[in-house]
Each structure stands twice: as C-alpha cells, then as structure tokens.
Amino acid sequence: MVSHAALESWAGAGRVTCSFVNWHVPSEAIKTLAEVGLPRLDTRFVPSPQGGEVPVLSYGYVLGREEVEEGHQHSDDCSECSYFAIKEGAGEVLYGPPRAGDGEVLTVNTSLRYFVYFLHKQGAASSRYSQLPEEVMMRRYERVVNRLKNHDLTAMSDDSSFWRQRFTRLWG
Ligand SMILES: [Zn+2]
C-alpha cells in the first residue's frame with residue numbers, strides 16, 4: 001500500500017485529498033480514502049470525492065475528474081470533463097462521461113488501492129524525469145507504465161481498459 005507521505009512527496013503538500021465517506025464500497029476503499037488519500041496528478045486526475053451515500057453518476061461514486069485542459073474553470077454543470085468513479089458494491093474504479101449515454105464507460109482498476117498505486121507510479125515518474133530531455137523522459141516513462149501492466153492485469157486485459165486505451169494512444 002502506498003502511504004500518504006509517499007503521495008505528497010511528488011504531488012506536494014496539501015495536494016493529496018483525504019476524505020471520510022459513507023459509501024457502499026469495500027471497507028478497504030473507505031480506509032484508503034481516509035488514510036492514504038487521492039493525489040492530484042496535473043490535469044490527468046483532479047480529486048473531488050462526492051458527498052452523500054448515493055452515487056452521483058450512473059456508474060458510481062465520484063472520486064475525481066480528468067480536466068479537459070490546463071486552467072479549465074470547472075463547474076457542477078460542466079459537460080467537458082470526464083469522471084473517475086468507484087462502483088457501488090464491488091468497488092471497481094471506472095472512467096466515463098458526466099452523463100449516462102454520452103460516451104463509453106471504461107474499466108480503470110479492479111480496486112481503489114490499485115488506482116492510487118497507478119497514480120503514484122506515474123506521478124513519481126513524472127516528477128523524477130521532468131528535467132530530462134523529452135525523448136528520454138518518454139522512454140523512461142513508458143518503462144514505468146509497462147511494469148504497471150504486471151499489477152492488476154484484469155483491469156488491462158481488454159479494449160474496455162482505460163489504461164490500455166491511454167497507453168495505446170500515447171505510444172501505440
Ligand atoms: Zn469541467
């Protein structure tokens with residue numbers, strides 16, 4: 001399990017959101033949200049866990065969003081950002097549109113613990129390699145991503161995998 005301090009080491013102090021939630025998800029996920037937290041990873045993941053006991057999205061409780069662009073002014077009725085959510089019951093992490101029917105819902109990770117781990121590995125790599133020439137940085141980053149495939153294999157096994165679609169787009 002990644003620690004809160006490890007996330008802060010690259011995300012920065014105050015950029016890892018801990019929250020106490022009363023959601024119908026596995027207790028391990030509730031513990032992760034409270035004790036480890038969700039890190040901000042530039043526009044790729046902006047934590048904004050929802051309140052209440054009822055999932056806001058058709059596919060789950062909102063964990064945060066992917067911002068459409070740098071400096072975007074997000075509002076409650078925004079239709080441009082996509083969301084990361086945790087599924088009621090099973091606790092899978094999913095990615096999808098703000099409204100049902102507006103787009104595909106993809107599998108991100110089989111549990112919140114893996115999702116935080118994936119964010120951590122990418123955030124740490126982005127910060128470690130930021131001083132390198134872009135081409136070298138991309139090669140190093142690709143290796144990090146490839147290693148992640150060995151974790152949480154189920155989440156990356158088919159075309160409905162968020163990470164697979166992302167990686168294919170970046171390095172296909
Ligand atoms: Zn937005």
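With respect to (1) closer than 12 Å to Ala85 by Cβ; (2) crowded, with 21+ Cβ neighbours inside 10 Å, the lone exception for Ser48 is condition (2). Right, Arg65: crowded, with 21+ Cβ neighbours inside 10 Å, under 13 Å from the mean Cα position of the chain (by Cα), of a type in the set (D, E, K, R) and within 27 Å of Ala124 (Cβ to Cβ) or not? Taking the combined requirement at face value, the residue satisfies it.
The set of residues in the stretch 39-62 that are farther than 20 Å from Lys121 by Cβ and either of a type outside the set (Ser, Thr, Tyr) or not in a loop (DSSP other than H, G, I, E, B) (or both) comprises Pro49, Gln50, Gly51, Gly52, Glu53, Val54, Pro55, Val56, Leu57, Gly60, Tyr61, Val62. In the stretch 65-172, counting only strands (runs of 3 or more DSSP E) that sit wholly within it, the ones holding 2 or more residues that are free of Cβ contacts under 8 Å to residues at least 40 places away in the same chain and over 21 Å from Ser27 (Cα atoms) span 82-86.
Each residue in the stretch 114-172 was checked for being small (Gly, Ala, Ser) and closer than 21 Å to Ile86 by Cα, and 5 of them qualify.
Every number here is computed from the coordinates shown, using simple stated rules; none is lab data. What you are looking at is a predicted structure, and each value in this text was computed from that prediction instead of being measured. Reconstructed Cβ throughout: ideal geometry from the backbone, glycine too, with neighbour counts over all protein chains shown.
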